[in-house]
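Asks: Below you will find the structure I want to go over with you.
The values are calculated or read from the model by the stated rules, or taken from the named source; none is laboratory data. Remember, predicted model here, so these are calculated numbers, not experimental data. Methodologically, a virtual Cβ is constructed for each residue, glycine included, from the backbone with ideal geometry; neighbour enumeration extends over all protein chains shown. Accessible surface is based on the protein model in full, side chains and every heavy atom, while ligands, DNA and RNA are left aside. Shrake-Rupley method; radii C 1.70, N 1.55, O 1.52, S 1.80 Å.
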Amino acid sequence: MRQALILSFFRTLESKFQYAILHHVEDVFSLNNDIDLIVDCSKKELKEFISFFCTENNGYFLSHTVDSGTSRFNLIFLNENQSFKIELDITFSNHNLLDVNVKKLLKKKTKREVNGFLFSKIENNDEIEYYLDKKAFKKETIDDNFAYFKDLNSKIDFNKLKIIFDKKSSKFKTFSFDYRKKIQKLYLFFIRMYEKPSLTICFLGPDGSGKSTIIEELRNQNPFVNFHYFHLKPTVNKKSHAIINPHSNPSYPAFVSYLKLIYLIFQYNVNWILNIWTIKLTPTIIIFDRYFDDIIADPKRYRYGGSLKAIKIARMFIPKPAITFVLVAKSEIIYSRKKKLVKWSLSHN
């Protein structure tokens, strides 16, 4: 299904705009690689096209700006309770850090057959030039790429190629390029605040309701670039152990409980700024296993001895995840899972 959708995407794209794959067209169907390409259109037209394609194919997309002329799109589709994604890095404007000239490269584009299907790609020598720029920009080496370059141009001299690569590497170390890169980072900071490329999800529910199972599936099938997990609070997690009987301790007095609420408001807000706000600027799925709301549902678990009204007032000053799921299950299922959790915990202590 993934191969069919990739093929459909490029056929539909070609009917609307000129495009060309930038490198490694032979890996266009690979599960592990993203696809770098150029498209002759505006950013608005590109987003509208991808939105239409995903809607037509029962999928959705996530996007974020790489630089002022390049955007990354993750196209996500579901198939029998499994998700898969197609990652596209699309350059649509000459205003990009690698100085890719979209219209110039498209004038010399060629065709390449992959698995019996034809794809547009940039000309072979242009592909070599682009790949050298990409490797130099990332501060990587080309020592393992000689066969790839040889396939593109059988007359290539690797020693001469190394000299060209070293010159390109030097260009990316100059003061002028460093200044330009910093300007781009400042641009990205503001544009990503607007784009909101991340998603914050909270899972609530009793032990045994399936929170850990769902979170692990999200980790394994993560459509975002990064994955971050937090337990209860937006603090950096230390290794924790399962709590066998969280309701065995007595509740705090009301006065102490209210002081604890004030402290929690401070703790949640400060750590949200330090640990959440910064990572939200990159394409990240941020998962909370339990959250402040858990105190409302089960105050005894947190030894809270004040009024529920005070918790609800405090909640107004707590930063909120974008989506909150409350998981439920039959009591006998939860009890069965809880017994297994207790046995596991005892065997690991």
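Asks: Within the range 96-111, track down each residue that is in contact with an Asp or Glu (Cβ under 8 Å, 6 or more places away or on another chain) and either free of Cβ contacts under 8 Å to residues at least 40 places away in the same chain or open to solvent by 50 Å² or more (accessible area, probe 1.4 Å) (or both).
Replies: Selection gives Asn96, Leu98, Asp99, Lys103, Lys108, Lys109, Thr110.
Asks: Sticking with this one: Is there any pair with a first residue in the range 133-145 that is closer than 12 Å to Lys168 by Cβ and a second that is of a type in the set (Lys, Arg) whose Cβ atoms are under 8 Å apart and which are 6 or more apart or on different chains, and what are they?
Replies: Here the result reads Asp133/Lys168; Ala136/Lys168; Ala136/Lys171; Ile142/Lys135; Ile142/Lys162, each pair linking the range 133-145 to a residue that is of a type in the set (Lys, Arg).
Asks: Sticking with this structure for a sec: With farther than 30 Å from Ser176 by Cβ, out of contact with any Asp or Glu (no Cβ under 9 Å at 6 or more places or on another chain) and loosely packed, with under 13 Cβ neighbours inside 10 Å as the only criterion, which of Ser51, Ser15 stands out? Break it down stepwise before answering.
Replies: Numbers: Ser51 fails: loosely packed, with under 13 Cβ neighbours inside 10 Å.
Exactly one of Ser51, Ser15 is farther than 30 Å from Ser176 by Cβ, out of contact with any Asp or Glu (no Cβ under 9 Å at 6 or more places or on another chain) and loosely packed, with under 13 Cβ neighbours inside 10 Å, namely Ser15.
Asks: Please go through the range 135-154 and give me each residue that is farther than 18 Å from Glu26 by Cα and either at pLDDT 90 or above or touching a Ser or Thr at 6+ places or on another chain (Cβ under 9 Å) (or both), ordered by number. Reasoning before the result, please.
Replies: Kept after step one, since they are farther than 18 Å from Glu26 by Cα, are these residues of the range 135-154: 135-143.
Once the filter is applied, which keeps residues that are farther than 18 Å from Glu26 by Cα and either at pLDDT 90 or above or touching a Ser or Thr at 6+ places or on another chain (Cβ under 9 Å) (or both), the range 135-154 yields Lys135, Ala136, Phe137, Lys138, Lys139, Glu140, Thr141, Ile142.
Asks: With (1) touching a Lys or Arg at 6+ places or on another chain (Cβ under 9 Å); (2) open to solvent by less than 80 Å² (accessible area, probe 1.4 Å) as the list, and Pro250 as the residue in question, which single condition is left unmet?
Replies: Going through (1) touching a Lys or Arg at 6+ places or on another chain (Cβ under 9 Å); (2) open to solvent by less than 80 Å² (accessible area, probe 1.4 Å) one by one, Pro250 breaks only (2).
Asks: Among helices (runs of 4 or more DSSP H) lying entirely in the range 112-219, which contain 3 or more residues that are open to solvent by 80 Å² or more (accessible area, probe 1.4 Å) and of a type in the set (A, V, I, L, M, F, W, C)? Give the derivation first.
Replies: Working: elements: 124-137, 146-152, 158-171, 175-195.
Once the helices (runs of 4 or more DSSP H) in the range 112-219 are filtered for at least 3 residues that are open to solvent by 80 Å² or more (accessible area, probe 1.4 Å) and of a type in the set (A, V, I, L, M, F, W, C), what remains is 175-195.
Asks: Would the range 62-80 turn up any residue that is touching a Ser or Thr at 6+ places or on another chain (Cβ under 9 Å) and of a type in the set (Lys, Arg)?
Replies: yes
Asks: Which one of the conditions (1) at pLDDT below 90; (2) of a type outside the set (Ser, Thr, Tyr); (3) closer than 24 Å to Leu78 by Cβ; (4) in contact with a helix residue (DSSP H, G or I) (Cβ under 7 Å, 6 or more places away or on another chain) does Ala242 fail to meet, given that it meets all the rest?
Replies: Result: Ala242 passes all but (3).
Asks: So if I check each of Thr65, Thr91, which one is under 26 Å from Leu199 (Cβ atoms), at pLDDT 95 or above and open to solvent by less than 40 Å² (accessible area, probe 1.4 Å)? Please lay out each step first, then the result.
Replies: Numbers: Thr65 fails: at pLDDT 95 or above.
Exactly one residue qualifies, and that residue is Thr91.
Asks: Looking at (1) in contact with a His (Cβ under 9 Å, 6 or more places away or on another chain); (2) at pLDDT below 95; (3) open to solvent by less than 20 Å² (accessible area, probe 1.4 Å), which is the one condition that is false for Asn33?
Replies: Only one criterion is unmet by Asn33, namely (3).
Asks: Right, next: Just the residues that are open to solvent by 40 Å² or more (accessible area, probe 1.4 Å) and either under 19 Å from Ile295 (Cβ atoms) or in contact with an Asp or Glu (Cβ under 6 Å, 6 or more places away or on another chain) (or both), please, taken from the range 220-237.
Replies: Within the range 220-237, His231, Lys233, Asn237 qualify.
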